[in-house]
1. For a quick check: with amide H placed at 1.01 Å from N, whose amide H comes under 5 Å from residue 274's, ignoring anything fewer than 5 positions away on the same chain?
2. Relative contact order (percent) for the stretch 1-105, with alpha-carbon contacts under 8 angstrom and 6 or more residues of separation?
3. Only Cα pairs under 8 Å and at least 6 apart count here; give the relative contact order of the chain as a rounded whole percent.
4. Could you list which residues have their amide H under 5 Å from that of residue 420, counting only those 5 or more apart in sequence or on another chain, with H placed in the peptide plane?
5. So which trypsin sites (Lys or Arg not before Pro) in the stretch 44-122 pass both tests, a DSSP loop state and at most 13 other Cβ atoms within 10 Å of the Cβ?
6. Just to confirm the number: angle between the C-alpha axis of helix 152-161 and the first principal axis of the chain, 0 to 90 degrees, nearest 10?
7. Sticking with the crude label model, points 7 Å out along Cα→Cβ, report the distance from residue 391 to residue 371 in nm, one decimal please.
8. Between 0 and 90 degrees, rounded to the nearest ten: what's the tilt of helix 311-321 against the longest Cα principal axis of the chain?
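The values are calculated or read from the model by the stated rules, or taken from the named source; none is laboratory data. Bear in mind that the values here come from a model prediction, so they are computed numbers and not experimental data. Cβ placement follows ideal geometry from the backbone for every residue including glycine, while neighbour counts extend to all protein chains displayed. Heads up: the accessible areas ignore ligands, DNA and RNA and are worked out on the full protein's heavy atoms, side chains in. Shrake-Rupley method; radii C 1.70, N 1.55, O 1.52, S 1.80 Å.
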Amino acid sequence: MVVILVGGQWGDEGKGKIIDLLSEGADMVIRSQGGNNAGHTVVSAGQEFRFHLIPSGILYPDAACVIGNGVVLDPRVLLEEMEQVESRGISIDRLLISDRAHLIMPWHPILDRLEEEQRGDDRLGTTWRGIGPAYADKIRRIGFRAGDLLKPRFLEKKLGFVLAKIKNPILRDLYGVEPLDREQILREYTKYGERLRPYLRDIFPIVQEALARGDRILLEGAQGSMLDLDFGTYPYVTSSSPSAGGALTGSGIPPTRVDLTLGVFKAYSTRVGYGPMPTELLDPLGEQIRRVGKEFGTTTGRARRVGWFDAVVARYTVALNGIQSIALTKLDVLDELDPIRICTAYRSKGELLRYPMSNISHLKHCEPVYEELPGWRSATSSARKPEDLPKAARTYLDRISELSGAPVDIVSVGAARDQTIWMDGSRLGALRDSHKRLQPVEQSQDQPR
Ligand code: GDP
Ligand code: IMO
Ligand code: MG
């Protein structure tokens, strides 16, 4: 059984919480793209964990946690995170790292920051973690892979070419900054190799064996589909494919083996960094949602931009990823708002549009068309069953399902694991009732609720 979990908006949808929930009984959890630009929060037994590279499934003792080939890996950050997790009594014995994963090298964060500075007013608002430059080098075929850490002679030779012939001239001649020292990098990365050696593997046969056994595999998406390199708001995107397709190429799982694609959405919209966000609220209401929802980045601490739920975005990402089921998080954050708005279409150049347009200047200037729904003005954070939710909240969920084209099967009303509602008739019922050995989900012929 293979489940793909993707973020349906601009990241930070609460994927960490939902992955943690679905990891119970999973045999394998795989991160397949992104790097330590991701920040996934899991609250478990009152303790908060923030994962940047280690799959969120690490909190369950049985799941193999794989950093897949599609990830860009900063070994220094990974080692720090491994130490932190271990210091909290969590075993990392089940961690596996694909030797095909590309490495963030010391020049990547430096170039990320320098390129952003060069862009001036047109900067993207990246996380400065070196993600874009590392993926660019992968595509240019001058990247370093995790397996290279175990080959000091190869590393030395390759540094001689990439650092001496390409990166240092750029740093020195283009940006006027200090070039990097080859020997120092060689020593540092060789040391990382020694420490990561027990975890580095060719993951391909391991995943194949898991598939052959019918293991339950969860693909933990990072970022969100609106940050997708191809289908997001280019160039205000990340440099990987956080969509379902990227989950497959980033893990080596074939599309024919996927049983369920689950989309995680927040009950409203947020975005960190620059780029169009049609439903953004730049008023006191936006401030209020940011405060109640504690919308400050897990990775960079930046204030997140906040707006109404955008069903145009949801319709698009449901269609793009083939999302069959929605987990909607942070419903509790809307408890005091009345009315609540949902964007149902965009108006642009006299036309009414159902999907975000590819032309981002049109997207930037489009006018969101809103529908108003009554708020529920009562606390939902202790709701555990669909019946516990106020009628207006259920109407809101139904409307999100109808507009986006996929049923809302899981509703989250707080950061803790138990602050979760499995909706009636949920096609994920098998997941709730017997976490182990999920039954393949039948494709429903019904209209979305
Ligand atoms: P991710 O990147 O998609 O994993 O999301 P983040 O962890 O960056 O941000 C989501 C934040 O919302 C975290 O601080 C979570 O603990 C928190 N959170 C998740 N679900 C809920 C929820 O239903 N209600 C509230 N109030 N907070 C939630
Ligand atoms: P999780 O997994 C939210 C955003 C950055 C920036 C753009 C490009 O926690 O949902 P990058 O450093 O990737 O080149 O930055 O992408 N971004 C995220 N926003 N959540 C994330 O991850 C993000 N990862 C990258 O803010 O706008
Ligand atoms: Mg996050």
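1. When sequence neighbours closer than 5 places are left aside, the close amide H contacts are 125.
2. Details: 180 pairs, mean separation 26.7, N = 105.
In percent, rounded to a whole number, it is 25.
3. Dividing the mean separation by the residue count of the chain yields 20 percent.
4. 413
5. 88
6. Approximately 90 degrees, to the nearest 10.
7. A separation of 1.8 nm, rounded to one decimal place.
8. For helix 311-321, the angle is close to 50 degrees.
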